[in-house]
Structure formats: structure tokens, C-alpha cells
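See below for the structure under consideration.
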Amino acid sequence: WKVNKIVIEKNYGGGMFDELLRPKLISVRRNCIDEEFDTWSKTRKEDRIIDILSPVTQSHRLVVDRRVIESDLKKQQENSQYSFVQQFTRMSRVKDALPHDDRIEAVAGAVSYFTTRMAKDADKAVQKFREEAMKKELKEYLKHTLGGPQRKQNRWA
């Protein structure tokens, strides 16, 4: 599957899952567990999932591959409780709203991860833009303050 990054919820197994998986990943590929992402398990699950997914779905920015939905429909025929679509359409803020919420929670985790990363990238882009604008402004200022562009004098004159 050529996985580049694995994000593990920090409260899953008290960090033990992460430690057991890491040596295997290193032997097979490389270390691709993201330790930096630790903002996941601080509120009630149902509220957290809805709060993460609502802005993305209301702005029509959640894209799901057709093959995933087709596969999910087959899964729904076997046992609807494990279907992403079933979990997605029946999630509510009621405690224990769903008997199984593993798939919707995984999607919410991925959305949260990428939303956080995109915000950091946007902040970096704004900072870079400001630095470039400042350099340009400073260059223009110095050009006028020092008497305009320096004329090249003929060294033989």
C-alpha cells in the first residue's frame, strides 16, 4: 500500500500498540509513525467526530473514492453496523449513539490530522509571504535612501 504515515490514537492501549508496531515497521519499511499528532482524545467521542466532520461535510470537501463506497455497500449487506455509510448517516451527539463507530472515527481522525497539517502549512505560507514582502520593501527603501541606483563608473576614467 506504500504507506507514508501512520497515526495512532495516543490513548489506544496506553501507547503500547505504538511501541509494539514500531519495530515491525522499521524492519519492513521505515519509521512512519507520526508522534507529533496528539490532539485526538480530549473530548467525548461522538462530539469530537461530529465537530471534526461537520465543517468538512457542510462545505462539501470530504471526497470518498467510489470504490470505497461500493466495497462498503457489500460490507453493509453482511453486517450494517460495520459499514462506514451506516455509521456516517447515524452518528449523533448521544452517548454511545452507535454500537460500532470504528470507521467513522478513523475518517474523523484522518480529517483532523490533515486539517491540522494544512493549517500549519497555511501559517508557514503566510509567514513566507510576509518575509518576502518585507525584503522587497526594504530593498526598495534602501534603493531610494542611498541616492538611487549606483552608477557603474568606468574604471579607466
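Scanning segment 80-120 for residues that are polar (S, T, N, Q) and farther than 20 Å from P55 by Cα yields S80, Q81, S83. A count restricted to segment 4-19 and to residues that are modelled with pLDDT of 75 or more and open to solvent by 50 Å² or more (accessible area, probe 1.4 Å) stands at 6.
Looking for whichever is within 21 Å of V7 (Cα to Cα), touching a helix residue (DSSP H, G or I) at 6+ places or on another chain (Cβ under 9 Å) and surrounded by fewer than 17 Cβ atoms within 10 Å (Cβ to Cβ) here; the options are D96, D47, D102. Which one fits? Explain how you work it out, then say what you get.
Numbers: D96 fails: within 21 Å of V7 (Cα to Cα); D47 fails: touching a helix residue (DSSP H, G or I) at 6+ places or on another chain (Cβ under 9 Å).
Just a single option satisfies the conditions, and that option is D102.
When segment 105-114 is filtered for residues that are open to solvent by 40 Å² or more (accessible area, probe 1.4 Å) and either more than 19 Å from V3 (Cα to Cα) or free of Cβ contacts under 8 Å to residues at least 24 places away in the same chain (or both), the ones remaining, listed by number, are A106, F114.
Of the numbered conditions (1) over 22 Å from K120 (Cα atoms); (2) exposed (fewer than 14 other Cβ atoms within 10 Å of the Cβ); (3) at pLDDT 75 or above, R22 fails exactly one; give the number of that condition. Answer for R22: the failing condition is (2). Scanning segment 51-62 for residues that are part of a helix (DSSP H, G or I) and either of a type in the set (S, T, N, Q) or open to solvent by 80 Å² or more (accessible area, probe 1.4 Å) (or both) returns D51, S54, T57, Q58. For segment 63-94, residues that are β-branched (V, I, T), within 15 Å of A106 (Cβ to Cβ) and outside any loop (DSSP other than H, G, I, E, B) total 2.
The values are calculated or read from the model by the stated rules, or taken from the named source; none is laboratory data. What you see is a predicted model; the values in this text were computed from it and never measured. No Cβ is skipped: glycine too gets one built from the backbone with ideal geometry, and neighbour counts run over all protein chains shown. Ligands, DNA and RNA are stripped out before the accessible areas are found, and what is left, the full protein with its side chains, is counted by its heavy atoms. Shrake-Rupley method; radii C 1.70, N 1.55, O 1.52, S 1.80 Å.
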